[in-house]
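Every read-out reported here was derived from the displayed coordinates using simple, explicitly stated rules and does not represent laboratory data. From a predicted model like this one, the values you see are computed outputs, not experimental measurements. Here the Cβ is made from the backbone with ideal geometry for all residues, glycine too, and neighbour counts use every protein chain on show.
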Amino acid sequence: ESILTGDIQLDEEGQDNILRPRSLNEFQGQSDLKENLDIFIRAAKARQEALDHLFISGPPGLGKTTLAGIVASELGVNFVLTSAPALEKPKDLAGLLTSLSEHSLFFIDEIHRLKPTIEEMLYIAMEDFEMDIIVGQGIGARNVRIPLPRFTLVGATTKPGSVSAPLHTRFGITIRINPYTQQELQAIIRRSAKLLHITISTEASLLLAQCARGTPRVANRLLKRVRDFAQVHQKTEVDYAITTIALQKLQVDHLGLEEQDRFILKTIINSYHGGPVGLQTLAIAVGESAESLEDFYEPYLVQQGLLMRTRQGRTATHLAYQHMGITLPKTHDS
Ligand code: ADP
């Protein structure tokens, strides 16, 4: 099993490699964040130092991995990539740390999921650029500290609140990627269409942007699926009409909700009188793990004002009833 790749190839779709921006210029949107990063990168280069450790948070598919890869290439340094769940034993981390060269960018995805022993090793590596190794065996075994090259740790997470304070404070730069605006998503769709040799009308790209949940990965996925429909319908251009048909067939509605999102809302409304219903109970009812419900489905539903998370549990809002076309019961007070 490979936890280390020189290039980014984590996406299931090979074509994503074509679509993945390689420079800050190609990275669409997020202008404030890019401007700051550009300054930090240039300053580190001018001083011939490693960039400060960088913490990137934001929902899945918003470009955390992409951005880390871009920072490495703008700095002209090695990019070493892993994820916290792949670091099971201290030797897994030790192996990667010793593979780093001077100023390398070491990317750890899902950094909120580090095991405590690994996390403590990382503290020393981040702060002192050293690592403890055990030499010898039995009674003669002893700890030896070995030096590491000056590297930059990039920690990415969808759950910044779950990262321990001692770890968080060891990052010198913290950035948060927020969902993209429709205009930014439209720019991403246009760029991707060009790279995939797809002709797309302005109306169609706007419609796709509206359904993309603020997420470039979703925008690209929808574009590819709509292209399939255009191709089968022998259209040379992805226009508004074929996009509407494709979204209907894909059961993606105008808010970008898919079947499972709607099933979650419908379950809260129909089976639990609109809530509140506990996370665990809801998860079982919709056949998801509590974690995927919480991390994957809920953030967008909450953001769209369709779902509320309260201490008592999950509640469907007025808007959810409206969106689902279900009449609000008179006693409902959410
Ligand atoms: P994350 O690591 O946050 O889950 P990724 O970096 O894997 O997200 O991004 C998912 C895909 O979305 C990338 O392969 C890339 O093609 C596209 N993408 C992300 N951010 C941007 C952006 N700012 N501009 C253009 N495409 C982007």
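Model label sites at Gln251 and Glu26, defined 7 Å from Cα along the beta-carbon direction, differ in position by 3.6 nm. Descending by average beta-carbon neighbour count within 10 Å, the peptides 248-257, 177-186 line up as 177-186, 248-257, the highest first.
When each of the peptides 82-94, 318-330, 130-142, 215-227 is scored by the mean number of other C-beta atoms lying within 10 Å of its residues, the order from highest to lowest reads 215-227, 82-94, 318-330, 130-142.
Net charge dipole, the chain: roughly 400 debye, given to the nearest 20, about the Cα centre with Cβ charges of +1 for Lys and Arg and -1 for Asp and Glu.
For the stretch 256-315, relative contact order (Cα pairs under 8 Å, six or more residues apart, normalised by length) works out to 39 percent. Taking a ≥ b ≥ c as the square roots of the Cα gyration tensor eigenvalues, the stretch 276-331 comes out prolate, since a/c reaches at least 1.5 and a/b is larger than b/c. Applying 0.36 nm per residue to the separation of Glu88 and Thr174 and subtracting their alpha-carbon distance, the gain on full extension is 28.4 nm.
Across the chain, the relative contact order, built from alpha-carbon pairs under 8 Å that are at least six residues apart, equals 14 percent.
Taking amide H as placed 1.01 Å from N in the peptide plane, Phe107 has its amide H under 5 Å from the amide H of Val80, Leu81, Thr82, Val154, each at least 5 places away in sequence or on another chain.
Taking every DSSP beta bridge that has both ends in the chain, the antiparallel portion is near 35%. Using C-alpha pairs below 8 Å separated by at least 6 residues, the relative contact order for the stretch 97-228 is 23 percent. Assuming a ≥ b ≥ c are the square roots of the Cα gyration tensor eigenvalues, decide whether the chain counts as rounded (a/c under 1.5), prolate (otherwise, with a/b larger than b/c) or oblate. Since a/c reaches 1.5 but b/c is at least a/b, the shape of the chain is classed as oblate. In the structure shown, the pairs Lys34/Lys235; Lys34/Lys194; Lys34/Lys91; Lys64/Lys89; Lys64/Lys194; Lys194/Lys266 are assessed against 32 Å; a Cα-Cα span above that value is assigned to Lys34/Lys235; Lys34/Lys91; Lys194/Lys266.
Can you tell me how much longer the chain between Gln137 and Lys224 gets when fully stretched, taken as 0.36 nm per residue apart minus their C-alpha distance, in nm with one decimal?
Working: separation 87, 0.36 × 87 = 31.32 nm, distance 5.61 nm.
Taking 0.36 nm per residue and subtracting the Cα distance, the gain is 25.7 nm.
Comparing mean-square fluctuations of Ser73, Ser104, Ser289 from a GNM of the chain with C-alpha springs under 10 Å, the top value falls on Ser289.
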